[in-house]
Amino acid sequence: EDLPGKPYLTANPESVNIWKTIINGDKIKVGIRWAGNPKFEHQQFRRFPENFITNIAKYPELQVFSLQRDHNLISLPENVTDLQHLLISWEDTAAAIMNLDIVITSCTSIAHLAAGLGKETWVIVPVLPYHTWTYKAPESTMSPYYDCVTLFRQTKVNEWNDTFQKLYAKLEDKFRSEKHTSELQSRLHL
């Protein structure tokens, strides 16, 4: 209850400036990551179809950047900028995150890095969550570890549609996006 929840990491200012030339534009800049290391012992519980998160690129107000690298790479929609070959180190990743408006990720190290930097971070959490996200589960959408985190919790094993419909609705509300929820839902054949 007395965890500070404040940022505890900083990015190298020079690197942040370099990344401003890569992550730029007038749209809302969103970083996405849909999977972590496949060797993680509970990876099978936190996997969801990638199209749930890449569909975020269908919102015209958003500019989407993929923070996925090394594992679970997919063919990205053409309007998602793939950063995998530019994210050489954690310094690069931290600098990239500092140039984004928000990070939306599954339960990965990116969630902790973004939140540790104080960047608004939305974490998609499976029914069986990592201990960091268990506080007051399943009702709470917040984390005592990070004030800047919002949790989107899965309610049934292997079912992600409801979780992402809540995420899309919050995204639309936050950025006043056009209503695409029904259109996106119709394209998800799960």
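Which value, in debye to the nearest 20, describes the size of the charge dipole of the chain about its Cα centre when Lys and Arg Cβ atoms bear +1, Asp and Glu Cβ atoms bear -1, and nothing else is charged?
The dipole of the chain has a size of about 280 debye.
For the chain, what relative contact order do you get, as a whole percent, if you take Cα pairs closer than 8 Å and at least 6 residues apart?
This gives 24 percent for the chain.
Hey, can you grab everything whose amide H is under 5 Å from the amide H of Gln63? Only 5+ residues off in sequence or another chain; H modelled, so Pro and N-termini drop out.
The list, which skips near neighbours in sequence, is Ile28, Lys29, Val30.
Pull up the cross-link candidates among the aspartates and glutamates for Lys27, meaning alpha carbon to alpha carbon under 19 Å and not fewer than 8 places away within one chain.
Of all the aspartates and glutamates, those that pass the test against Lys27 - Cα under 19 Å, at least 8 places apart if same chain - are Glu61, Glu78, Asp82, Asp101, Glu120, Glu172, Asp173, Glu178.
With each pseudo-label sitting 7 Å past Cα toward Cβ, what's the Lys156-Trp90 distance in nm, one decimal?
Those two pseudo-labels are separated by 3.9 nm.
Taking a 1.4 Å probe, which of Asp2, Asp70, Asp92 shows the most accessible area, and what order do the others take after it? Could you put the intermediate results ahead of the total?
Working: Asp2 140, Asp70 100, Asp92 35 Å².
My answer, sorted largest first, is Asp2, Asp70, Asp92.
For the chain, what is the Kirkwood hydrodynamic radius in Å, using each pair of distinct C-alpha atoms?
Across the chain, the inverse of the average 1/r is 16.9 Å.
Quick one: of Lys136/Lys156; Lys20/Lys174; Lys58/Lys174; Lys20/Lys58; Lys29/Lys174, which pairs are farther than 20 Å apart, Cα to Cα? Mind dumping the intermediate values first?
Values: Lys136/Lys156 17 Å; Lys20/Lys174 23 Å; Lys58/Lys174 16 Å; Lys20/Lys58 23 Å; Lys29/Lys174 13 Å.
Listed pairs above 20 Å: Lys20/Lys174; Lys20/Lys58.
With every protein chain present, what accessible area does Phe175 have (1.4 Å probe, heavy atoms only), rounded to the nearest 10 Å²?
Number for this one is 40 Å².
Just need the relative contact order of segment 71-164 here, percent rounded to a whole number, with Cα pairs under 8 Å and 6+ apart.
Numbers: 112 pairs, mean separation 18.7, N = 94.
Result for segment 71-164 is 20 percent.
The values are calculated or read from the model by the stated rules, or taken from the named source; none is laboratory data. Keep in mind that what you see is a predicted model, and the values were worked out from it rather than measured. Quick reminder, even Gly has a Cβ in these numbers, built from the backbone with ideal geometry, and neighbours come from all protein chains shown. Surface areas here come from the heavy atoms of the whole protein model, side chains and all, with no ligands, DNA or RNA. Shrake-Rupley method; radii C 1.70, N 1.55, O 1.52, S 1.80 Å.
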